[in-house]
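Remarks on the structure that follows.
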Amino acid sequence: MRVIVADDQTVVREGIVMLLGLLPGIEVVGAAADGEEAVRLVAEKEPDVALMDLRMPRCDGVEATRRIRSEHPETQVVVLTTFDDDDSLFPALQAGARGYLTKDAGGDEILQAIANVMAGHAGLSPKVQRRILERFSAPPPEAPEGVTPGEPRQRRRAGELPDGLTAREAEVLALVAEGLSNAEIAAKLYVSQATVKTHINNLFAKTGARDRAQAVRYAFEHGLVQPRHR
């Protein structure tokens, strides 16, 4: 897996490059000191993954992520940053980042996130996953009279699934939201992985989700899964 690193702090950047060099299956092909240089390196080196800091001069990590995903969609972006607040996390995911880690992540966690996004999954740290669940499982605001909360697109009849989802697609979506891989979903539903992939492609098209992270968000927003209370 060919990776570039973008971080404006020299010591941090060099440390990440050194750490990645020790991980199996990873080749660091470039290092950038800001988002502008990161976009240039992606165009030049065509890496599989860009490991991206957020707070950088000239072009920040969110804008760099947006440009990379728009101009070089074959390159995935994993954010590696100090910040896990909503103002950092959600703009990065909306810009197209498939992974999000904080800088207390260890080498194994970074390697797993890179492998996950290469396999088409989300590479989110447990801390970030909890934050997403907390955000989208919060009680909805009071709705105006005559409007049912939790149905931002249109009202629907009891038992009716949103956006034309079939019962099976909704079931697959719920399992995606639980964090199951395609292989795990296939085993649970006693179908082939190819069938699971077809269901996921269909539900992505119907919901407008670009990836599994956005699909999870959709599932919670539309009440297709419920948060687990401890």
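Kindly provide the set of residues from the range 22-51 that are of a type outside the set (A, V, I, L, M, F, W, C) and in contact with a Lys or Arg (Cβ under 9 Å, 6 or more places away or on another chain), ordered by number.
E27, G30, D34, G35, E36, E37, K45, E46, P47, D48
How do the pairs read when you match residues in the range 53-65 that are farther than 10 Å from A33 by Cβ with residues anywhere that are of a type in the set (F, W, Y) and surrounded by fewer than 23 Cβ atoms within 10 Å (Cβ to Cβ), using Cβ under 7 Å and keeping only pairs 6 or more apart or on different chains?
L54/F83
In the range 1-30, what residues are open to solvent by less than 50 Å² (accessible area, probe 1.4 Å) and part of a helix (DSSP H, G or I)?
V12, R13, G15, I16, V17, L20 - these are the residues of the range 1-30 that are open to solvent by less than 50 Å² (accessible area, probe 1.4 Å) and part of a helix (DSSP H, G or I).
Between G25, G21, which is over 25 Å from G120 (Cβ atoms), at pLDDT below 95 and of a type outside the set (F, W, Y)?
Going through G25, G21 in turn, the sole match is G21.
Working only within the range 48-106, note down all residues that are within 12 Å of the chain's Cα centre (by Cα) and of a type in the set (G, A, S).
Within the range 48-106, A92, A95, G96, A97, G99 meet the criteria.
Each row is one residue, and each column tells you yes or no for (1) closer than 25 Å to A113 by Cα; (2) surrounded by fewer than 21 Cβ atoms within 10 Å (Cβ to Cβ); (3) not polar (S, T, N, Q).
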{"site": "T166", "(1), (2), (3)": "no, yes, no"}
{"site": "E171", "(1), (2), (3)": "no, yes, yes"}
{"site": "G179", "(1), (2), (3)": "yes, yes, yes"}
{"site": "A183", "(1), (2), (3)": "yes, yes, yes"}
{"site": "K188", "(1), (2), (3)": "yes, yes, yes"}
{"site": "V191", "(1), (2), (3)": "no, yes, yes"}
{"site": "K206", "(1), (2), (3)": "no, yes, yes"}
{"site": "Q214", "(1), (2), (3)": "yes, yes, no"}
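Only residues that are of a type in the set (K, R) and part of a helix (DSSP H, G or I): list them for the range 167-223, please.
R168, K188, K197, K206, R212, R217
The values are calculated or read from the model by the stated rules, or taken from the named source; none is laboratory data. Model, not experiment: these values are computed from the prediction. Because the Cβ atoms are built from the backbone with ideal geometry, glycine has one as well, and the counts that use them run over all protein chains shown. To get the accessible areas, we keep the full protein, side chains included, count just its heavy atoms, and leave off ligands, DNA and RNA. Shrake-Rupley method; radii C 1.70, N 1.55, O 1.52, S 1.80 Å.
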